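Only the coordinates and a few stated rules stand behind these numbers; no lab work does. Since the model is a prediction, treat every value here as computed from it, not as a measurement. Glycine also receives a Cβ, built like all others from the backbone with ideal geometry; neighbour counts cover every protein chain displayed.
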Amino acid sequence: MRYIFIVWVVCVAVVVGFAGFKGDKTRRPPIELFPDMDRQPKLRPQAENAFFKDGRSSQLPPQGTIARNSRWEQTAENTGRIPGGTNFVNAIPVPVTSELMARGQERYTIYCLPCHGASGDGKGVTSKLGMTLVGDLHDQKGRKLVTASDGQIFDTITNGRNLMGAYGSVLDPKDRWAVVAYVRALQLSRLGLLDDIPAADRASIK
């Protein structure tokens, strides 16, 4: 017991000797066990900097980017809602072209397929890892993803819902609409009726 007390006294003396008492004033720099990035290389605003070609430390934002706290145009294309209101738009507000569909398939394959599956049935690779609560894009009863408006699906992609994360930070608005268009194509591939096909094209259907 005596040795434990002696060791404790020595430890206290060492700590006080290096760190001093609380409230003491000194001109010596403090002892920092964890500097927490207090000092790191950085660029001063408007200062010269040889790293960039224009010699400036303050660079213009990349084309097409939007500052996090800035207000951007509140249009249906950007929000998925009717301008001036809170209701979702019923139909995709951008032209649905073959290029948009191809882009939607590409983005869907990258970001959506792992969970929702290639056909949108919710049986992606994550279902094999124990994630069973994945939305079936063809579901007409439970989550009613088939009857949801295009704007609502756009909003879900943007902000996420339930266990699904938000993808607004990795998909720009046009890509989100492209995914919505491709999701609708997946739904039609399973739930579409013959009446949905233009009369001129029905003869080619077997």
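Numbers for the structure displayed
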| read-out | value |
| --- | --- |
| Computed helical MRE - 222 nm, the chain, DSSP H runs ≥ 4 contributing -39500 (n - 2.57), nearest 500 | -10000 deg cm²/dmol |
| Check: the chain dipole with +1 on Lys, Arg Cβ and -1 on Asp, Glu Cβ, in debye | 820 |
| Taking all pairs of distinct alpha-carbon atoms in the stretch 79-192, Kirkwood radius in angstrom | 14.2 |
| Order of Arg103, Arg202 - criterion: other Cβ atoms within 10 Å of each residue's Cβ, fewest first | Arg202, Arg103 |
| Equivalent ellipsoid dimensions for the chain as semi-axes, Å, which come from the Cα gyration tensor, largest first | 57, 28, 16 |
| Residue-count net charge about Trp177 - beta-carbon cut-off 11 Å; Lys, Arg +1, Asp, Glu -1 | +1 |
| Folded to 0 to 90 degrees: helix 173-191 orientation relative to the chain principal axis, Cα | 50 |
| Cβ-defined net charge surrounding Arg103, 9 Å radius [Lys, Arg +1; Asp, Glu -1] | -1 |
| With at most 16 other Cβ atoms within 10 Å, longest stretch of the chain clear of loop chymotrypsin sites (Phe, Trp or Tyr not before Pro) (DSSP) | 73-206 |
